[in-house]
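What follows is one structure encoded as structure tokens, with my remarks underneath.
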Amino acid sequence: MVRLVQDHLYRKSVALVLSLQLNMERIIAAWVVIAAFACGVRLAFPATPYAGVPWASEAGLLPYLPVVGAPVATLLLGLKLFPAGRVHAQPSIRLAKVGRWRKIDCLKAREMSQFGLYGVMASLLLGIALNVPVRTLEFLTAMPALGSYAPGWFVSLYAVMLADVVLLSCLYMFAFAMALRMVPLFPRFLVMVWGVDLMAQLGIAQLVARIGDVPHAVELALVDLLSGNIKKVLISAALWLPYLLLSERVNITFRNRVSA
């Protein structure tokens, strides 16, 4: 029974990865349409009224263009930098030294059944991709559109949160592209992204503390949002870091080594 469940989940993971690889253009198009619609809804409810046409104003449409387009551009850049089927060189310095491993040839690694993005690795791949819509939804929910008469404190807060969602979305999308192309540097890059994410949330908290006149209710809501982001990053790292270090599939696929 257990074996049947494992086989079923494995087949599901294979179907998921193949779907991501074969339907990338459709997924990107769907993201652009859905994200643009969500941004349009957000534009309809600004923090302050518009002085002119919203889509022609720096306080209207323009800030949302990178929210929608930057992750797509980063993903396409990553896929272009790491073409499908290419064998990438291993890093000269090995950082993952936990466990006992034996180096194998890259061609031999590709012939092994554990090579690839299937099984549990597919869940990690999907989780990385979902970071973008989740962070975008949080941003759109928490931050109204600027409008034309927003107070100084809100403009500063909006700029910081906009930079956060764009930067992190791009980093997670680049990590997704590296994973999809099975680039050896993917595990350490993902760990770096987690570190940047944590520092960004802590940095935003410090910056907001220096912005004057922020209403107390806004500060409390922002603390809840930043705390939630920090918890999600810590949980992700706690769950996936041991897997990235010790998984036979990860080590065969990204490090060309097997357990000794």
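Consider only pairs whose beta carbons are under 7 Å apart and that are at least six residues apart or on different chains; among these, list those whose first residue lies in region 79-102 and is over 23 Å from residue 241 (Cα atoms) and whose second residue is part of a helix (DSSP H, G or I) and of a type in the set (Gly, Ala, Ser).
Final answer for the pair search is 79/177; 82/177.
Can you confirm whether region 153-175 contains a residue that is in contact (Cβ under 8 Å) with a residue 40 or more places away in the chain, surrounded by fewer than 16 Cβ atoms within 10 Å (Cβ to Cβ), of a type in the set (Phe, Trp, Tyr) and not in a helix (DSSP H, G or I)?
No, that holds for no residue.
Read through the list (1) touching a Ser or Thr at 6+ places or on another chain (Cβ under 9 Å); (2) closer than 25 Å to residue 46 by Cβ; (3) not polar (S, T, N, Q); (4) not in a helix (DSSP H, G or I), then give the number of the only condition that residue 182 fails.
(2)
Looking only at region 127-152, filter to residues that are buried (at least 18 other Cβ atoms within 10 Å of the Cβ) and in a loop (DSSP other than H, G, I, E, B); which one of those is nearest to the chain's Cα centre (by Cα)?
Restricting attention to region 127-152, the residues satisfying the condition of being buried (at least 18 other Cβ atoms within 10 Å of the Cβ) are 128-129, 131-132, 135-136, 139-140, 143, 145-147, 150.
The next check asks that each one be in a loop (DSSP other than H, G, I, E, B); those that pass are 143, 146-147, 150.
Numbers: 143: 20, 146: 25, 147: 28, 150: 30 Å.
Checked region 127-152; the qualifying residue nearest to the chain's Cα centre (by Cα) is 143.
Could you please give the count of residues in region 102-126 that are exposed (fewer than 14 other Cβ atoms within 10 Å of the Cβ) and in contact with a helix residue (DSSP H, G or I) (Cβ under 7 Å, 6 or more places away or on another chain)?
0
Quick check on this structure: which one of 223, 193 is of a type in the set (Val, Ile, Thr), in a helix (DSSP H, G or I) and under 30 Å from residue 249 (Cβ atoms)?
Values: 223 fails: under 30 Å from residue 249 (Cβ atoms).
Exactly one residue qualifies, and that residue is 193.
When the residues of region 190-227 are filtered to those that are in contact (Cβ under 8 Å) with a residue 60 or more places away in the chain and within 18 Å of the chain's Cα centre (by Cα), which remaining residue is surrounded by the fewest Cβ atoms within 10 Å (Cβ to Cβ)?
Here is the first cut: in region 190-227, the residues in contact (Cβ under 8 Å) with a residue 60 or more places away in the chain are 190, 213-214, 218, 221-222, 225.
Then drop every residue that is not within 18 Å of the chain's Cα centre (by Cα), which leaves 190, 225.
Numbers: 190: 24, 225: 18.
Only one residue fits best here, namely 225.
Where a number appears in this text, it was derived from the coordinates with a stated rule and is not lab data. Everything numeric in this text was worked out from a predicted model, so none of it was measured. For neighbour counting, all protein chains shown are included, and Cβ atoms are generated from backbone atoms with ideal geometry for every residue, glycine included.
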